[in-house]
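Written out below as structure tokens is the structure these notes cover.
Derivation of every value follows stated rules applied to the coordinates shown; laboratory data play no part. Source: prediction; values computed, not measured. Reconstructed Cβ throughout: ideal geometry from the backbone, glycine too, with neighbour counts over all protein chains shown.
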């Protein structure tokens, strides 16, 4: 046909998990891409009849939307794997995080974001949300925008930290100034794929005045507001002692809960809390790995009830020394299997449920569901392509089950963001990991030396 439309790239011969409203799966499918957007999704013959362009053969591999990590703290990723398994939460805060905050530099944060985004990219994540962990926004955003994935990050902000975390404390006025500054200076767009969001530490560490001001800023910028909530029993007790309300009830009375609010962890909830979350259509981020590693209790919590009520549940990896890995497939697996064990029934969540949490639900939790999270015409071409030639992918029966329970990220071969390959044949296209690795190792050691922190190993090293 002489009147065919021109596409920049056409993915062909894919097993396409669209994650559209009907959750269509297209066998022997194709995706046409132009100017970083999806022009068509359908059978090979249908798309190729309508479009001409450079073809990329997926060889029958699974093709799906880029994964979404809805909660993490990436600015400290360079410190990963230094906290001993035997550390309590109190020890982490006092012996690790306090000296870290006093000694971390902009260069540390820059390399942390390069490392974190590199790790996310090769594991299939194309969009992330960092609730806030930076002290050097300029350098942090510089590092975040090298690899090519999309996301949000920002300053670590709170005005009423508990005593063991006082090193983080800033005045309410200063927190508001920094929120407004980052939203103005570091807005996400075509030239800055990772930009700022309204993120607050939350829990007992943010006053009502700060949370209310943060929500006003989020509404003014059309952005999500993220904060930790209902993580610890001590937090719930403190809210009840101070306000006579749970954290969710307190935020409801402040008027900050709506579809533009995302609450992270959400381990300890009352019946009334669930009613409020359902009514206000708040998104919730489940950090399964962090809970399993530190016994937070999320795997025994009420996520199955949230799911049954239609509350949007996304997945997050949290931080380098809380779950250690930034792999959303790992969070899918844990969510799918550990809830069964803890609740004594199966399934609590199916493989389809957790795949939704890692894609379209995550996009909703970040307020970008119109941009990504599914493969649909008009959305950004943020796409993951798996090789079919991994033993874990065989036999090719239920591909969704295979991804969640078997291959996970081991089969990720190519990753595309806005129509451009940021991972090809398993390798990053914008970072030379062989040159980058020694820089990361040296920078971590320099930071640990400044902190006076030594890794406590169980086994002797000669």
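For the pair the stretch 374-397 and the stretch 1-38, the centres of their Cα atoms are 12 angstrom apart. According to the square roots a ≥ b ≥ c of the eigenvalues of the Cα gyration tensor, what is the shape class of the stretch 60-168, taking rounded for a/c under 1.5, prolate for a/b larger than b/c otherwise, and oblate for the remainder? Taking the square roots of the gyration eigenvalues as a ≥ b ≥ c, the stretch 60-168 is prolate.
Here the extension length gained between residue 394 and residue 102 equals 100.2 nm, from 0.36 nm per residue of separation less the Cα-Cα distance.
With R₀ fixed at 25 Å, the C-beta to C-beta distance from residue 169 to residue 233 puts the FRET efficiency at about 0.60. Annotation: the residues 459, 93, 322, 76, sorted from fewest to most other C-beta atoms within 10 Å of their own C-beta, follow the order 459, 93, 322, 76. Of all beta bridges that DSSP places with both ends in the stretch 67-365, some 5 percent have antiparallel geometry.
Using only Cα atoms and rounding to the nearest 10 degrees, what angle (0 to 90) does helix 106-122 make with the longest principal axis of the chain? So the inclination is approximately 40 degrees. Between helix 328-343 and the chain, what is the angle of the helix's C-alpha long axis to the longest principal axis, kept within 0 to 90° and rounded to the nearest 10? So the helix axis and the longest Cα principal axis differ by about 60 degrees. Shown for 433, 104: other C-beta atoms within 10 Å of each C-beta, ranked fewest to most, produce the order 433, 104.
Computed extension gain for residue 279 through residue 90, at 0.36 nm per residue and net of the alpha carbon distance, reaches 64.5 nm. From the alpha carbon centroid of the stretch 410-462 to that of the stretch 39-71 is 30 Å. In plain terms, the chain from residue 454 to residue 212 could stretch by 83.1 nm, reckoned as 0.36 nm per residue minus the Cα-Cα distance. Relative to the longest principal axis of the Cα atoms of the chain, the long axis of helix 233-243 lies at roughly 60 degrees.
With R₀ set to 22 Å, the beta-carbon distance separating residue 254 from residue 181 gives a calculated FRET efficiency near 0.45.
Modelled this way, with points 7 Å down the Cα-to-C-beta line, the labels at residue 350 and residue 270 are 3.5 nm from one another. Residues 258, 85, 159 in ascending order of nearby Cβ atoms (within 10 Å, fewest first): 85, 258, 159.
For the modelled label position 7 Å from the Cα of residue 22 along Cα-to-Cβ, which residues of the stretch 371-393 have backbone nitrogen atoms closer than 16 Å? In the stretch 371-393, the label zone of residue 22 (backbone N under 16 Å from the point 7 Å along Cα→Cβ) covers 375-377.
Shape class of the stretch 67-365 from the alpha-carbon gyration tensor: rounded, with the ratio a/c of largest to smallest axis under 1.5.
Taking a spot 7 Å from the Cα of residue 240 along the direction of its beta carbon, which residues of the stretch 247-274 have an amide N less than 14 Å from it? Answer for the stretch 247-274: 247-250, 268-273. The distance from the alpha carbon centre of the stretch 166-194 to that of the stretch 75-124 is 20 Å, rounded to a whole number.
For the stretch 368-429, the square roots a ≥ b ≥ c of the C-alpha gyration tensor eigenvalues yield an a/c of 1.5 or more together with a/b not exceeding b/c, which makes the shape oblate. Contact order for the chain, expressed relative to its length and based on alpha carbon pairs under 8 Å spaced 6+ residues apart, stands at 19 percent.
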